[in-house]
Structures are given as C-alpha cells and as structure tokens.
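*Asks:* Sharing a structure below in structure tokens format, with a few things to ask.
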Amino acid sequence: MARLNVIPIFVVYRKTPKGKAYMDIFEDSRIDDLLDPYKRRPLIPHSYTIEYMCMGTKHVDHMEKIKKKYKITKVTKTHT
C-alpha cells in the first residue's frame with residue numbers, strides 16, 4: 001500500500017479500564033482506520049479504551065508530557 005499519511009498519530013489506550021496505559025504511534029495509517037467501529041480487524045481492538053489521541057508532528061514535543069501523565073515507559077511504533 002502506498003504511503004497514505006506522513007503525519008504521525010499518537011494513541012494512548014488501556015486494555016482494561018483501570019489497567020496500564022500503552023502508547024502507539026501510527027505513521028502509515030489514517031485516523032479513520034483507528035476510529036472505524038466496523039473494521040473487521042481494527043488496529044486497536046474495540047475492547048480497549050482510548051484515553052488520548054492526537055495527530056501531527058508538533059505533538060512530538062508534547063509526547064513527553066503525555067508519557068509522564070499516563071506513566072508510560074515504552075512507546076510502540078506501528079507501521080501498517
């Protein structure tokens with residue numbers, strides 16, 4: 001698939017409502033692919049709770065504040 005989007009999308013989610021927060025960075029996806037409830041194989045499973053979502057390169061500096069707020073130690077980059 002051709003490169004759809006050069007703007008990264010930052011997503012903070014939890015697998016359970018009170019569980020540990022995780023952060024993923026999607027670089028080759030559209031935001032509609034993340035939010036579409038009808039996708040058969042979603043990028044983030046429907047049972048997960050999305051805590052925070054933003055897109056744009058200016059949020060790279062803002063990422064440190066997000067990591068501190070949600071106590072995230074590891075960030076996963078996803079190329080889909």
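All of the numbers you see were taken from the coordinates with simple rules; none came from a lab. A quick note: this is a predicted structure, and the numbers were derived from the prediction, not measured. Heads up, the Cβs are rebuilt from the backbone with ideal geometry, glycines too, and the neighbour counts pull from every protein chain shown.
*Asks:* Which residues, taken from the range 20-40, are surrounded by fewer than 13 Cβ atoms within 10 Å (Cβ to Cβ) and either in contact (Cβ under 8 Å) with a residue 60 or more places away in the chain or in contact with a strand residue (DSSP E or B) (Cβ under 9 Å, 6 or more places away or on another chain) (or both)?
*Replies:* Across the range 20-40, the qualifying residue is only LYS20.
*Asks:* Additional query: In the range 46-63, which residues are loosely packed, with under 10 Cβ neighbours inside 10 Å and in a helix (DSSP H, G or I)?
*Replies:* Answer for the range 46-63, where residues must be loosely packed, with under 10 Cβ neighbours inside 10 Å and in a helix (DSSP H, G or I): just ASP61.
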